[in-house]
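Scroll down for the structure; my scribbles are underneath it.
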C-alpha cells in the first residue's frame, strides 16, 4: 500500500517556513491530458543495477514476502500460477494505458513475467481508478492499495472487512484488485501502478531499510527498480510453489539467486546483514511524524524515531531516514543541527548499496540550504550529483525541482540564458510530477523565495 506521503517543502529547512502542501492532489485533467508520458520524458528505462549481495537479498525477500506491512506474519508463500491478464477499469486518467503498457513491457522483459493487458473479459489483476475523495472515505491513509479475491471497487465496498480480503490467508492467488486515484498527477498514477501491480504479483511488505526498492514507504524510489525486478523474478521462479513455508523458501533462495544474479555473490560481500526486524515503535514514530498535524509534533516524533535508530545501532537507511525527517521538521533554532543531520544522512546513503536515489533527495535539501545562503557553486555541484539518479529513477518531480534550483543559482551568477533554457527544459518534468502549470509555478516560486 502506497501511503499518502506528506510532501514537505525543502523550504521548511532553508527558509524556516511551515511544510508545504502536497502538490497536485486535485489535478486539472485538461492540463494533465497535455502532459508527457514517462516514455517520452525518460526514453528507454535505465534502472540502476541492484547492488545488494545475494545473502542480503535472500533476507530481504523473506522479510518482504512473509510479513504484512502491519507486522503480521504470513504463514505461507503465495503467488499467481500461469499467465496473468491485467485490465484497467473506472475513469481512466490520461496516459493510464500508455503507462500501464510500458510497465507491462518492463515486467515481461526484466522480470520475465507472462503478463498482458486486455480491454475486456476476466482478468487476474484489475486496476480500477476511483475518485480520490471516494478512496479517502474508505481508506483515509492510502494513496493506492491492492486487495486479494475481489475484482471491483463496488465488490470491496460491499464487504470491506470480509475474510477473503486477508492476504495472510491466500495461498494460490486467483485475482487481485489495485485501487488507484483517478484524479492524480501522471507521476503519482505511474507510481501507484508500479508498486501495487508488483505487490499483486509478488511480496506484500514494505521495508524502510531497503533504499533501492519501491517496497519502501520513504517513497524515494518511484518506479520499479532492478532490485524489484530481480525480486519478482525470484518470486516467480519454478522451484518455488504456493503453500511453501518460510523455511522451505529460505532453503531454495541461495541457489535461485546464484542463478539469476551471479554478480550478487561478490557485490558488497563484506557488509553485515541488516538487523531485522524493525521495532514497531520506530515505524509508528516515522508514520506519525509524516502524518502529524503540525511541524512541532512531527519534529518530536522524528526525534523519537532517531533515538530508537541510534539505540539500535543502525547504520543503514533507517538511521538515514530518521536523520532526514529530523532535519526536515526541525524548528528554526535547530538550523545548524538540521544541516549536520542532512550531511550525515547523505553520507550514510552514499555508503549503502543502491543509495544514489535516496542521497539525491537529501542533496536537494542540501542544495536548498546552499541556495538560501548564497553558495551558488555548491548548488551547482549538488544538483549535478543528484540529476542522474533522479533521471534514471524517472522521478519527474525531483528532477524538475533540481533543475529549477540550479536555474536560480545560474541566474544569480549572471548566466541568464542558461537559467532560462533550464527552466524551459524543466517544465515537462514538472507537469509530469506536479500535475499542472499552477503547481509547477508554485514550486518555482518556492525556490525563488529562497534567495529573497
Residue 395: under 27 Å from residue 41 (Cβ atoms) and surrounded by 24 or more Cβ atoms within 10 Å (Cβ to Cβ), yes or no?
-> yes
Given the conditions (1) assigned to a loop (DSSP other than H, G, I, E, B); (2) out of contact with any helix residue (DSSP H, G or I) (no Cβ under 8 Å at 6 or more places or on another chain), report the number of the one that residue 212 does not fulfil.
-> (2)
Selection within the stretch 307-327 - under 23 Å from residue 367 (Cβ atoms) and in contact with a helix residue (DSSP H, G or I) (Cβ under 6 Å, 6 or more places away or on another chain) = 319, 320, 322, 323, 324, 325, 326, 327
Per the filter on the stretch 100-115, residues in contact (Cβ under 8 Å) with a residue 60 or more places away in the chain and not in a strand (DSSP E or B) are 100, 102, 103, 106, 107, 110, 111, 112, 113
Can you name every residue in the stretch 329-358 that is within 19 Å of residue 316 (Cα to Cα) and out of contact with any helix residue (DSSP H, G or I) (no Cβ under 8 Å at 6 or more places or on another chain)?
-> 340, 347, 351
Of the residues in the stretch 78-99, how many are part of a loop (DSSP other than H, G, I, E, B) and surrounded by fewer than 20 Cβ atoms within 10 Å (Cβ to Cβ)?
-> 7
In this structure, is residue 165 within 23 Å of residue 287 (Cβ to Cβ) and either assigned by TED's automatic domain parsing to the domain that holds residue 397 or surrounded by fewer than 21 Cβ atoms within 10 Å (Cβ to Cβ) (or both)?
-> yes
Within the stretch 318-326, is there a residue that is over 23 Å from the mean Cα position of the chain (by Cα), more than 13 Å from residue 218 (Cα to Cα) and assigned to a helix (DSSP H, G or I)?
-> no
Pair list, Cβ < 8 Å and 6+ apart or interchain, from the stretch 42-55 residues that are in a helix (DSSP H, G or I) to residues that are surrounded by 18 or more Cβ atoms within 10 Å (Cβ to Cβ) and modelled with pLDDT of 95 or more | 42/391; 42/394; 54/257; 54/261
Quick one: residue 81 ticks every box in (1) at pLDDT 95 or above; (2) over 30 Å from residue 282 (Cβ atoms); (3) within 22 Å of the chain's Cα centre (by Cα) except a single one, so which number is it?
-> (3)
Mind telling me which of the residues 195, 128, 188, 212 ends up being under 19 Å from residue 109 (Cα atoms), buried (at least 21 other Cβ atoms within 10 Å of the Cβ) and modelled with pLDDT of 95 or more?
-> 195
Could you check, for the stretch 303-314, whether at least one of its residues is under 17 Å from residue 52 (Cβ atoms) and not assigned by TED's automatic domain parsing to the domain that holds residue 208?
-> yes
Unmet requirement for residue 17, which otherwise passes all of (1) over 30 Å from residue 279 (Cβ atoms); (2) modelled with pLDDT of 95 or more; (3) touching a helix residue (DSSP H, G or I) at 6+ places or on another chain (Cβ under 7 Å) = (2)
Determine, yes or no, whether residue 102 is surrounded by fewer than 15 Cβ atoms within 10 Å (Cβ to Cβ) and either more than 23 Å from residue 184 (Cα to Cα) or at pLDDT 95 or above (or both).
-> no
Restrict the check to the stretch 251-266 and report whether at least one residue is part of a loop (DSSP other than H, G, I, E, B), modelled with pLDDT under 95, farther than 23 Å from residue 167 by Cβ and more than 18 Å from the chain's Cα centre (by Cα).
-> yes
Hey, residue 160 over 30 Å from residue 437 (Cβ atoms) and at pLDDT below 95 or not = yes
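The values are calculated or read from the model by the stated rules, or taken from the named source; none is laboratory data. All figures in this text were calculated on a predicted structure; none of them were measured in a lab. Note: ideal-geometry Cβ built from the backbone for every residue, glycine included; neighbour counts use all protein chains shown.
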